[in-house]
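Read through the structure below, which is laid out as structure tokens, and then see the notes.
The values are calculated or read from the model by the stated rules, or taken from the named source; none is laboratory data. Since this is a predicted model, take the numbers as computed values, not measurements. Note that each Cβ is placed from the backbone with ideal geometry, even for glycine, and that neighbours are counted across all protein chains shown. Side chains included, ligands, DNA and RNA excluded: accessible areas come from the protein's heavy atoms. Shrake-Rupley method; radii C 1.70, N 1.55, O 1.52, S 1.80 Å.
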Amino acid sequence: MDHGNLAGGDVYFIGFAGFGEQKVFRHEAELAQQVFGSRYATGNRSLLLVNDVHDRHTYPLASFDNLRVAVNAIGRRMHPDRDTLVLMLTSHGNDEDGIAITNGRMPEDALSPEDVRRILNESHIRWRVIIVSACYSGIFIPVLKNDSTLLMTAADARHSSFGCDDTRDLTYFGEALLRDALPHACSLGQAYTDTAAIIRRRESEEGDVHSNPKLFVGLRMEARLPQLDAAAARSCTNGSPQPSAH
């Protein structure tokens with residue numbers, strides 16, 4: 001049985017690591033590819049776009065143009081009624097521009113919520129799971145929300161998220177979602193709930209201002225989620241996950 005098959009459709013994955021000066025974003029995109037690949041058997045329906053000042057050859061660069069080309073190419077392959085795209089964006093972010101795109105001496109840029117909406121809309125990809133791991137990433141929700149989209153962000157529109165550090169392999173959000181919650185969660189909704197609880201507890205312990213991760217689920221996507229969750233490629237557990245040792 002092909003567990004990646006959803007009501008006759010498939011799941012596709014794109015990871016986008018925008019900030020090339022810190023490897024934490026590359027590591028997060030790579031882990032996301034593995035975790036979602038395991039969950040939905042994405043296999044060869046998976047692609048990473050990565051900025052890394054120490055390695056510009058392993059992956060295509062994370063740029064607006066490359067994301068547009070990739071999303072449109074996948075959109076041409078996808079069945080619009082059945083297939084789902086998981087898009088993971090990870091980088092530094094601010095509350096005006098969206099997420100940072102940097103790679104050494106290359107001109108700095110940003111990927112805004114409007115950029116992502118434009119790219120997705122021109123691709124005609126209907127079913128979308130979008131995860132944004134960045135400070136102020138809640139700004140993506142008002143722009144990208146629609147009936148057939150699930151959006152999960154590391155923070156609300158007014159707060160920073162944490163863990164964008166050279167000494168870390170993952171941000172706080174990436175660690176909570178990809179390492180602690182999602183591999184065991186029976187649903188994406190449960191994964192969000194567990195992730196938000198882990199992060200809130202950690203921020204309280206460390207005296208940080210809460211980042212307030214956010215979840216939006218469109219009405220049509222909400223009706224579809226049980227099918228998407230049932231297509232997970234491994235068994236789940238119902239217990240709350242324990243956060244990783246820091």
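Within region 157-176, restricting attention to residues that are in contact with a His (Cβ under 9 Å, 6 or more places away or on another chain) and assigned to a loop (DSSP other than H, G, I, E, B), which residue is least open to solvent (accessible area, probe 1.4 Å)?
Leu170
Among the residues of region 50-68, what is the count of those that are closer than 15 Å to Ile119 by Cβ and touching a residue at least 24 places away in the same chain (Cβ under 8 Å)?
The total comes to 5.
Please go through region 88-124 and pick out each residue that is crowded, with 20+ Cβ neighbours inside 10 Å and among the hydrophobic types (A, V, I, L, M, F, W, C).
Residues satisfying the conditions are Met88, Leu89, Ile99, Ala100, Ile101, Leu111, Val116, Ile119, Leu120.
Please specify each residue of region 108-136 satisfying the condition of being over 28 Å from Ala196 (Cα atoms) and not β-branched (Val, Ile, Thr).
Hits for region 108-136 are Glu108, Asp109, Arg118, Asn121, Glu122, Ser123, His124.
From the set of residues in region 204-246 that are in a helix (DSSP H, G or I), modelled with pLDDT under 90 and more than 21 Å from the chain's Cα centre (by Cα), which is nearest to Thr84 (Cα to Cα)?
Looking at the filtered set, the residue picked out is Ser204.
Check Thr153, Thr149 and return the single one that is of a type in the set (Ser, Thr, Tyr) and either modelled with pLDDT under 85 or out of contact with any Phe, Trp or Tyr (no Cβ under 7 Å at 6 or more places or on another chain) (or both).
Answer to the selection: Thr149.
How many residues does region 133-152 hold that are open to solvent by less than 10 Å² (accessible area, probe 1.4 Å), closer than 10 Å to Pro113 by Cα, touching a residue at least 40 places away in the same chain (Cβ under 8 Å) and touching a helix residue (DSSP H, G or I) at 6+ places or on another chain (Cβ under 7 Å)?
Matching residues across region 133-152 total 1.
Would region 38-49 turn up any residue that is touching a residue at least 60 places away in the same chain (Cβ under 8 Å) and part of a loop (DSSP other than H, G, I, E, B)?
Yes: region 38-49 contains one or more residues that are touching a residue at least 60 places away in the same chain (Cβ under 8 Å) and part of a loop (DSSP other than H, G, I, E, B).
Restricting the search to region 61-78, which residues are of a type outside the set (Lys, Arg) and open to solvent by 60 Å² or more (accessible area, probe 1.4 Å)?
Asp65, Val69
Leu85 - would you say it is open to solvent by less than 10 Å² (accessible area, probe 1.4 Å), touching a Phe, Trp or Tyr at 6+ places or on another chain (Cβ under 7 Å), part of a helix (DSSP H, G or I) and at pLDDT 95 or above?
Criteria not met by Leu85.
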